[in-house]
Structure formats: C-alpha cells, structure tokens
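Taking it in order: structure first as structure tokens, then the write-up.
The values are calculated or read from the model by the stated rules, or taken from the named source; none is laboratory data. Everything quoted here is computed from the prediction, not taken from an experiment. We place every Cβ from the backbone using ideal geometry, glycine too, and count neighbours over all the protein chains shown. The accessibility values were calculated without ligands, DNA or RNA, using every heavy atom of the protein model including side chains. Shrake-Rupley method; radii C 1.70, N 1.55, O 1.52, S 1.80 Å.
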Amino acid sequence: MTSPIEIEGAEASSVLDKESAPQGDAPKPKEPEGRKPGQLMWARFKRDRAGVISACVVLFFFVIAAAAPLISKVYGKDPYTLYGQDNPDLLDMFTMPAAPFGGIDGNFWFGIEPGLGRDVFTQLLYGMRNSMATALAATIIMTVLGVLIGLAGGYFGGKVDYWLGRITDFFMALPSQLFFVAAMPVITTVFVAPDKETPTYVRAAAIIIVLSFLGWMSMARIVRGATMSLRDREFIEAARISGASPWRILRKELLPNIVTPTLVQATLTLPSTILSIAFLSFVGVGYVEPTPDWGRMFAIGADIIEQDPYYMLFPGVAMVIFIVAFNLLGDSVRDAFDPKGNR
C-alpha cells in the first residue's frame, strides 16, 4: 500500500517533469540586440528638444529657399519687376512706400522696396536661395580641402606635416575680410573684360573660390589633431602589418573615424560662410544689382533706415533666426556624437 507521502512526491516529480519538458509551441525570449553608433547618435539627438526644433527651423529655411521659384509663381510676383514704377500710387513723392509700414498689405506681404518698388518678399526668398546655395558650395569645398590636408599632415607627420602646418599658419595669418574685398575685383576681371558686365555665375564662382581659399584652415587643424590621435592605435598598426597602402589606411581606417569632428565643424562653418557672403555683398564686391541677396538687402536698408525702417525688418529677423538655429543645431549634433561632453 502506497503511503500519502509517496503519492505527494510522485505528483511533485511529475509536475517538475512537465515544467522542465521542452514545449515546441512556446515563444522563445528575444536576445537583446546592440544598437549601431548611428542609432545611438540619433536616439540622443531626438532627446534634445532644442536640437530638434533647430533642425526643423533650418530645414524650413532650406525648403522655402529651394522652392523660391514655385512660391514666387504662386504668389504672383518676382524680385525683378519694378512695381513702384509700373504703379505710381505705390510710392509717394519721395519714392517711399505710400502705404504704412513699408507698404505691407494684401498684395505685398513684406512691403515694397523704396525707390524702385520691388517686392520685398520675393527678394528675401531669392536672396536666401542665392546665399545658401553659394555658402553650401563653399562649405563643401572647404570641408574637402581641410579633410585632405589634415589627414595628410596628421598621418604622414615629419616634413609633410611641418610644411602643411606652415602653409596653414600662413593662410590663417591673412586678414580675411580685407583679402575678400581686395581679391574679388581681381578674380572677376580675370574672367570678364573691364568694359563688360560681370555675369552672376562668374560672381558666384569668384565668391566660392575666395571663401574656399581662406576657409579650410580650421577644418584642417581639427582633422589633423584627430588623425594624430588615431595613427598609432592598434587597428592602424594591424592595417600596416597586413600590407595595406597608406591611401587605403587613410580611406578605410582613418576617414570613417573622423566623421564626427568633420560633421560638427561643417555645421558650424556654414552659418559663418553665409555671414561672409552677406558681408561681401554689403560692401559691394559680392552680388550686385539686380541679383537678390541677403547682404545687398542690408546695404539698401542701411541707406534708407531712417525713412523706411521696415525694409530691413524681415531680412534681419530671418538672418538672426537662421544663424541662431544653425548654431544650436551644431551644438546638438556635437552633443549627440559625444555624449561625454553634454551641456
């Protein structure tokens, strides 16, 4: 006769056997998957509210600048037509906007330009378009030059680094603003005869050349420092031992590891390049009439600030918002790539 204790033990063992038996239909728990550095950077960036808002503002400016012709077509006006000359009622006897607040009304959203009576809204759209396109092209060239020179000097060292460093020091010692003003007329006369009008594309190319010529040094210094900190690491030594060429080491091993400082510096370079373009147009050696440009609008507004202060209002506010948003975006990108340096 079986005792109650033996029966309970048998039941307990049967229960344990059922629990330990494999169940084919039961779902297996998922193993945690590691995230890539890009995913971690994106997750950190999304948590930065200021960075997300700044990115949306910068993207908005680029979208409306790229869509300037379409917006102008829907709006029904362009930045070249002299509306004040075609309709004398828009300007008073002193060629100032006849309507209050610089001529702002339902037909001219941002008012009209004193003297010629051009539409301020479309001038601002096309001015942003020209400034951003020129600055983006110059920033790309500056970044490429800085990366190449910084990689070469940091990796090869010795005489290569010495002479590249001295060249960098020489260009950094040049007074950039004065050089801009002096070099622009010289470059334009090389391509265009003095008795002919300089085409807009020649001026744009000259601005890009001048800015790129004097804007790569900071990027080169940053890339050189990052390269010198990496060239003696184990993975670089392993690539050398395996017989990899210097070009392959620079392209496959070093270049992917300097993306972070390069991207951060590029985001900080673009707004300063836009300010430099505005400065060139403001002093009369950048874009000139009738090409719309941010700096040229400031130059016109400075002459009539007492009579019509509203003309400079919208270009000034747009410039401040864009520059501040881009600088905040650069700080957020830096913090997202380097979580140890969070603000």
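So here's what we get for this one:
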quantity: J(HN,Hα) series, segment 105-119, from Karplus relation 6.51 cos²θ - 1.76 cosθ + 1.60, nearest Hz, glycine and proline x; calculated: 7, x, 8, 10, 4, 10, x, 10, 7, x, x, 9, x, 6, 6
quantity: Environment charge of LEU116, counting only residues whose C-beta is closer than 11 Å and scoring Lys/Arg +1, Asp/Glu -1; calculated: -3
quantity: Net charge over other residues, Cβ less than 9 angstrom from the Cβ of GLY103 (K, R count +1; D, E count -1); calculated: -3
quantity: Segment 194-255 - charge dipole about Cα centre, Lys and Arg +1 at Cβ, Asp and Glu -1, debye rounded to 20; calculated: 140 debye
quantity: Of [x] 66, 40, 36; [y] 124, 61, 31; [z] 65, 52, 30, the label for Cα extents along the principal axes in Å derived from the coordinates; calculated: [y]
quantity: Å² per residue, accessible surface of the chain at 1.4 Å; calculated: 57 Å²
quantity: Estimated 222 nm signal from helices in the chain, with DSSP H stretches of n ≥ 4 weighted -39500 (n - 2.57), rounded to 500; calculated: -21500 deg cm²/dmol
quantity: Approximate spin-label separation MET228-PHE170, in nm, with each point projected 7 Å along Cα-to-Cβ; calculated: 2.0 nm
quantity: Whole-percent carbon and sulfur share, accessible surface of the chain, 1.4 Å; calculated: 65 percent
quantity: Ellipsoid semi-axes in whole angstrom, largest first, where each is sqrt(5λ) of the Cα gyration tensor of segment 257-343; calculated: 34, 15, 7
quantity: Neighbourhood charge, 15 Å Cβ-Cβ cut-off, centred on SER131 and excluding it, Lys, Arg +1 and Asp, Glu -1; calculated: +2
quantity: Whole-Hz ³J(HN,Hα) from phi, Karplus 6.51 cos²θ - 1.76 cosθ + 1.60, for segment 250-261, glycine and proline x; calculated: 5, 7, 9, 9, 7, 4, x, 8, 10, 5, 4, x
quantity: Cβ-placed point charges (K, R +1; D, E -1), dipole of the chain about Cα centre in debye, nearest 20; calculated: 1280 debye
quantity: Karplus (6.51, -1.76, 1.60) ³J(HN,Hα), θ = phi - 60°, over segment 158-163, in Hz, Gly and Pro reported as x; calculated: x, 5, 4, 5, 4, 6
quantity: Full-stretch length increase - ASN107, VAL186 - with 0.36 nm per residue and alpha-carbon distance subtracted; calculated: 24.2 nm
quantity: Residue (of ILE149, LEU263, VAL288) at the positive-pole extreme of the chain, dipole from beta-carbon charges; calculated: ILE149
quantity: 28 Å Cα cut-off, lysine pairs counted over the chain (separation 8 or more, or different chains); calculated: 10
quantity: Semi-axis lengths (Å, descending) of the ellipsoid that matches the C-alpha gyration tensor of segment 111-203; calculated: 38, 18, 12
quantity: Mean projected area (nm²) of the alpha-carbon convex hull when segment 204-292 is viewed from all directions; calculated: 7.1 nm²
